[in-house]
Amino acid sequence: MNLCRNLDPFKLRLHASPFVTVFGGLRFLYCRRAKSVFSELNQVPHVVELDEREDGGSIQSALGEIVGRRTVPQVFINGKHIGGSDADP
């Protein structure tokens, strides 16, 4: 079964991403902390600031479907969700 066939374009691009992607917002402390971790590791993540985009709400809804929560930050590495600020230990 081809799972990619059932993904909308946003989800397909997310799963195909070969880098670190952080979905967050400029005004949220935990988002700044998540981004600073990668800075300390000399990594430059692709950052999507949802509160700065017209389609931020739509992206946040898609994240809710993908990972089961709409909170930010949400971090993906090579298209795999590794968690967010409220991830279970």
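The values are calculated or read from the model by the stated rules, or taken from the named source; none is laboratory data. Since we're looking at a predicted model, the values are computed, not measured. Neighbour counts are summed over all protein chains in view; Cβ atoms, including those assigned to glycine, are modelled from backbone coordinates with ideal geometry.
Checking ARG33 against (1) in contact with a helix residue (DSSP H, G or I) (Cβ under 7 Å, 6 or more places away or on another chain); (2) at pLDDT 90 or above; (3) of a type in the set (D, E, K, R), which single condition isn't satisfied? Every condition holds for ARG33 apart from (1).
Please tell me if LEU3 is modelled with pLDDT under 90, surrounded by 12 or more Cβ atoms within 10 Å (Cβ to Cβ) and over 14 Å from the mean Cα position of the chain (by Cα). Break it down stepwise before answering.
Details: modelled with pLDDT under 90: yes; surrounded by 12 or more Cβ atoms within 10 Å (Cβ to Cβ): no; over 14 Å from the mean Cα position of the chain (by Cα): yes.
No: the conditions fail for LEU3.
In the stretch 55-68, the qualifying residues are those that are surrounded by 15 or more Cβ atoms within 10 Å (Cβ to Cβ) and of a type outside the set (A, V, I, L, M, F, W, C), and the one that is farthest from the chain's Cα centre (by Cα) is GLY56. Pairing residues of the stretch 52-66 that are part of a loop (DSSP other than H, G, I, E, B) with residues that are surrounded by 13 or more Cβ atoms within 10 Å (Cβ to Cβ), at Cβ distances under 8 Å and at least 6 apart in sequence or on separate chains, gives ARG53/ILE59. Taking the listed residues PHE23, PHE10, PHE38, the one that is touching a strand residue (DSSP E or B) at 6+ places or on another chain (Cβ under 7 Å) and modelled with pLDDT under 90 is PHE38, with no other qualifying.
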